[in-house]
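To start, the structure under review is shown below, and the notes come after it.
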Amino acid sequence: MEQNIPLIPSKVLLINKPYTWSSFHVVNKIKYAVKKQFYKENPDFKGKIKPKVGHAGTLDPLATGLLIVCIGKETKNIEKYQAEDKEYTGTFFLGATTPCYDLEKEIDAHYPIDHITPEMIEEARKKFEGFNHQIPPIFSAIKVDGRRAYKIARSGKEAELKAREIYISEFKITRIALPEVDFSISCSKGTYIRSLARDFGEALHSGAHLTKLCRTRIGEFKLSDAIEIDDLEKTLSQ
C-alpha cells in the first residue's frame, strides 16, 4: 500500500535578493533547498515532490532588497502581497540615458546638467507625487500582443506600451551630488522606478537612468526582517 506523502510546510520567506540575481533564480534556489530539506526529513519519499514556490513581485537583476517568496499553500496569497504598496531607495544618474533605463545596457545618449539646481530637482520631485500616468520600460515583462516586451525589444523591434496609472505617496530626495541624486520613494503596485528615472531626467530637461535600487518594504513586510540567501537552509530547517 502506497504511503501518503507528507505535506511540505507552507511558509512566507522574506529574502534579501542579491545583486545580479533574477527573482526567478531566487525561486529556483528555494525550490532546491525545500526539496533537499524535505528529503532529509523524509528519505523514503525521495524524488516524489514538486514544491509550489513563487515570488510576490519581481525585482530586476540589478536591484537588491526585499523579495517575498511563498511556499506551499501560501502561494495562494501571492496576488494579495503583490497588491501591497512598495518602498524603495536608490540613485538616479543625471545627464545620460540607457535603452533599459538602468545599467543593464550601455549609455546611448548624453545630456547637459550644468543648468540643474537643487531648486529644480525639488520642483521636479513634487510633480511625481500623487496620481500620475507612467509608460513602463520596453525592457520589462509586460505582455504586448501576447509577447513579453523585453523579448520584442531584444529582437530589435519596437512595441507600443500603454501608460498606466500609478500612485506615489512619498518621494524624497536624500542626497544631491550631481550627476547623482539619491532618493527614497513609497509607491503603488505597478510603479517602475526605471521609468521614473527616465521621466525625472526629462522633467529636468536632461536625461537620467537608474544606477542603484533597493526595495526596503512591501506592505508591512520590511527588508530588516529578511534573510540572506546563504541562511536559507538554516531557516527552512527551523
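The values are calculated or read from the model by the stated rules, or taken from the named source; none is laboratory data. Bear in mind that the values here come from a model prediction, so they are computed numbers and not experimental data. So basically every Cβ, Gly included, is an ideal-geometry build from the backbone, and we count neighbours across all protein chains shown.
Which numbered condition trips up LEU67, out of (1) without any contact (Cβ under 8 Å) to a residue 12 or more places away in the chain; (2) closer than 23 Å to ASP102 by Cβ?
All conditions are met except number (1).
Does PHE171 satisfy the condition of being farther than 30 Å from ILE30 by Cβ and either outside the structural domain of THR97 (by TED's automatic domain parsing) or assigned to a strand (DSSP E or B) (or both)?
Details: farther than 30 Å from ILE30 by Cβ: yes; either outside the structural domain of THR97 (by TED's automatic domain parsing) or assigned to a strand (DSSP E or B) (or both): yes.
Yes: the conditions hold for PHE171.
If you go through segment 63-96, how many residues are in contact with a Lys or Arg (Cβ under 6 Å, 6 or more places away or on another chain) and closer than 30 Å to ASP114 by Cβ?
Adding up the residues that qualify gives 3.
Mind listing whichever residues of segment 12-26 are surrounded by fewer than 17 Cβ atoms within 10 Å (Cβ to Cβ) and not hydroxyl-bearing (Ser, Thr, Tyr)?
VAL12, PRO18, PHE24, HIS25 - these are the residues of segment 12-26 that are surrounded by fewer than 17 Cβ atoms within 10 Å (Cβ to Cβ) and not hydroxyl-bearing (Ser, Thr, Tyr).
Can you find even one residue in segment 92-104 that is within 24 Å of ASP225 (Cα to Cα) and in contact (Cβ under 8 Å) with a residue 12 or more places away in the chain? Steps first, answer last, please.
Just the residues of segment 92-104 that are within 24 Å of ASP225 (Cα to Cα), to begin with: none.
Scanning segment 92-104 turns up no residue that is within 24 Å of ASP225 (Cα to Cα) and in contact (Cβ under 8 Å) with a residue 12 or more places away in the chain.
Go through segment 42-64 and count every residue that is under 19 Å from LYS234 (Cα atoms) and either of a type in the set (Val, Ile, Thr) or touching a residue at least 12 places away in the same chain (Cβ under 8 Å) (or both). Reasoning before the result, please.
Within segment 42-64, the first condition is being under 19 Å from LYS234 (Cα atoms), and the residues that meet it are 42-43, 51, 53.
Filter again for either of a type in the set (Val, Ile, Thr) or touching a residue at least 12 places away in the same chain (Cβ under 8 Å) (or both), leaving 42, 51, 53.
Residues flagged as under 19 Å from LYS234 (Cα atoms) and either of a type in the set (Val, Ile, Thr) or touching a residue at least 12 places away in the same chain (Cβ under 8 Å) (or both) within segment 42-64 amount to 3.
Run GLU129 past the list (1) acidic (Asp, Glu); (2) over 28 Å from LYS172 (Cβ atoms); (3) at pLDDT 95 or above and report the number of the one that doesn't hold.
(2)
Quick one: which residue in ILE229, ILE185, ILE218, ILE193 is in contact with an Asp or Glu (Cβ under 6 Å, 6 or more places away or on another chain) and touching a residue at least 12 places away in the same chain (Cβ under 8 Å)? Before the answer, list the steps.
Details: ILE229 fails: in contact with an Asp or Glu (Cβ under 6 Å, 6 or more places away or on another chain); ILE185 fails: in contact with an Asp or Glu (Cβ under 6 Å, 6 or more places away or on another chain); ILE193 fails: in contact with an Asp or Glu (Cβ under 6 Å, 6 or more places away or on another chain).
When all the criteria are applied, what remains is ILE218.
Taking the residues in segment 27-65 that are polar (S, T, N, Q) and surrounded by fewer than 17 Cβ atoms within 10 Å (Cβ to Cβ) as candidates, determine which candidate is modelled with the highest pLDDT.
Going residue by residue through segment 27-65, those that are polar (S, T, N, Q) are 28, 37, 42, 58, 64.
Next, from what is left, pick out any that are surrounded by fewer than 17 Cβ atoms within 10 Å (Cβ to Cβ): 28, 42, 58.
Working: ASN28: 94, ASN42: 76, THR58: 90.
Ranking the qualifying residues of segment 27-65, first place goes to ASN28.
Quickly run through segment 196-238 and pick out the residues that are in a helix (DSSP H, G or I), among the small types (Gly, Ala, Ser) and buried (at least 21 other Cβ atoms within 10 Å of the Cβ). Before you say what the answer is, go through the steps one by one.
Residues of segment 196-238 that are in a helix (DSSP H, G or I), as a first pass: 196-203, 223-225, 229-236.
Then keep just the ones that are among the small types (Gly, Ala, Ser); that gives 197, 201, 203, 224.
Selection gives ALA197, GLY201.
Quick test for you: out of SER186, SER237, pick the one residue that is at pLDDT 95 or above, among the hydroxyl-bearing types (Ser, Thr, Tyr) and either over 30 Å from HIS115 (Cα atoms) or in the same structural domain as ASP108 (by TED's automatic domain parsing) (or both).
Details: SER237 fails: at pLDDT 95 or above.
None of the other options fit; the residue is SER186.
Which one is farthest from SER188 (Cα to Cα), of the residues in segment 145-177 that are in contact with a helix residue (DSSP H, G or I) (Cβ under 7 Å, 6 or more places away or on another chain) and modelled with pLDDT of 95 or more?
Residues of segment 145-177 in contact with a helix residue (DSSP H, G or I) (Cβ under 7 Å, 6 or more places away or on another chain): 159, 161, 168, 171, 173, 176.
Next, only the ones that are modelled with pLDDT of 95 or more stay: 168, 171, 173, 176.
Values: ILE168: 6, PHE171: 12, ILE173: 18, ILE176: 25 Å.
Ranking the candidates gives ILE176 first.
What pairs come out if I take residues in segment 162-181 that are without any contact (Cβ under 8 Å) to a residue 40 or more places away in the chain and under 21 Å from ILE135 (Cβ atoms) and pair them with residues that are surrounded by 15 or more Cβ atoms within 10 Å (Cβ to Cβ) and among the β-branched types (Val, Ile, Thr) whose C-beta lies under 6 Å away, six or more apart or interchain?
These pairs meet every condition: ILE166/THR191.
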